[in-house]
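This report refers to the structure that appears directly beneath it.
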Amino acid sequence: MSIEQCEVLNLPRIEDARGNLTFVEGAGHIPFEIRRAYWIYDVPGGAVRGGHAYATLQEVMIALSGSFDVVVDDGFTQRSVTLNRSYRGLYVPNMIWRQLGNFSTNAVCLILASASFSEVDYIRSYDEFLGLRPAT
Ligand code: TYD
C-alpha cells in the first residue's frame with residue numbers, strides 16, 4: 001500500500017440554517033463495507049494515539065468535532081493530514097502505519113472500520129512493519 005491511497009473523501013453535506021448534516025451509506029461513500037465503528041474522545045493535551053498498522057483492516061477517520069493530525073506512513077514516505085471538518089473522511093488502507101496527534105480540546109475522532117476488532121491484525125512494531133511492507 002502507498003500513502004497515495006490515503007485519500008481524503010468528501011462526504012455528502014446537507015447545509016441547513018438549522019445546522020448541517022452529513023451521512024454515510026456503506027459502500028456508497030466508503031470504499032469498504034462498514035463492520036465496526038469506534039470513536040476516540042476526551043484526549044488529554046499532547047496525547048498521541050495509533051502508532052501501529054493493520055495487516056488487513058481498512059479504516060476511514062472523521063473529525064466529528066475539533067481537529068487532529070493523522071500521520072500516515074507506507075514505510076517509504078510520510079504525510080500529515082489535518083482533519084477538522086465533519087464532512088471529510090481520511091481513508092487509510094491496510095499496511096499503512098498511522099499516528100494521531102495534535103488533538104484540539106473536545107476533539108472527537110470517529111473511525112469506520114472494515115472488520116470487527118482483532119488484536120492479531122495489529123502490527124505494533126515499526127521494524128516489523130518495515131519488514132512486511134511490499135517492495136515498490
Ligand atoms: P488501540 O487500537 O491500540 O488504540 P489507538 O486508537 O490508539 O490505536 O486500542 C486501544 C485498546 O482498546 C486496546 O487494548 C484494544 C482495545 N480496542 C477494542 O477492544 N476494540 C476496538 O474496536 C478498538 C479499536 C480497540
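The values are calculated or read from the model by the stated rules, or taken from the named source; none is laboratory data. Just so we're clear, the structure is a prediction, and the values are computed from it rather than from any experiment. Cβ sites come from the backbone with ideal geometry, for glycine too, and all protein chains shown count toward neighbours. Keep in mind that these areas ignore ligands, DNA and RNA; they rest on the heavy atoms of the full protein, side chains included. Shrake-Rupley method; radii C 1.70, N 1.55, O 1.52, S 1.80 Å.
Quick notes on this structure:
- When the helices of the chain are scored as -39500 (n - 2.57) per DSSP H run of n ≥ 4 and the total is divided over every residue, the value at 222 nm lands at -1500 deg cm²/dmol.
- Percent carbon-and-sulfur accessible area, segment 1-127, ignoring ligands, DNA and RNA, probe 1.4 Å: 47 percent
- At the residue level, Tyr126 shows approximately 80 square angstrom of accessible surface with a 1.4 angstrom probe and all protein chains present.
- Heavy-atom accessible area ranking, 1.4 Å probe, most first, across Met61, Met1, Met95: Met1, Met95, Met61
- Span from the segment 25-44 Cα centroid across to the segment 63-136 one, whole angstrom: 12 Å
- Near Gly51, the amide H atoms lying under 5 Å from its own belong to Arg98, Gln99, Leu100; only residues 5 or more places off or on other chains count, and H is placed 1.01 Å from N.
- Average accessible surface area per residue within the chain, 1.4 Å rolling probe, Å²: 56 Å²
- Computed from phi, the 3J(HN,Hα) profile of segment 100-109 under the Karplus parametrisation 6.51, -1.76, 1.60 (θ = phi - 60°) reads 10, x, 6, 5, 7, 4, 6, 5, 10, 10 Hz, with x in place of Gly and Pro.
- Largest accessible area first, the residues Asp69, Asp127, Asp16, Asp74 order themselves as Asp127, Asp16, Asp69, Asp74 under a 1.4 Å probe with ligands, DNA and RNA left out.
- Selection among Gly26, Gly45, Leu11 by position relative to the dipole of segment 5-87 gives Gly45 as farthest towards the positive end (Cβ unit charges, Cα centre).
- Paramagnetic label zone (point 7 Å from Cα along Cα-to-C-beta, Asp121; backbone N under 18 Å) in segment 51-70: 51-62
- Charged side chains reduced to their Cβ positions (Lys and Arg at +1, Asp and Glu at -1) give the chain a dipole of some 240 debye around its Cα centre.
- Computed from the alpha carbon positions, the gyration tensor of the chain leads to an equivalent ellipsoid with semi-axes of 25, 17, 13 Å, biggest first.
- Length released on extending from Leu9 to Ile34, taking residue separation times 0.36 nm less the Cα-Cα span: 7.5 nm
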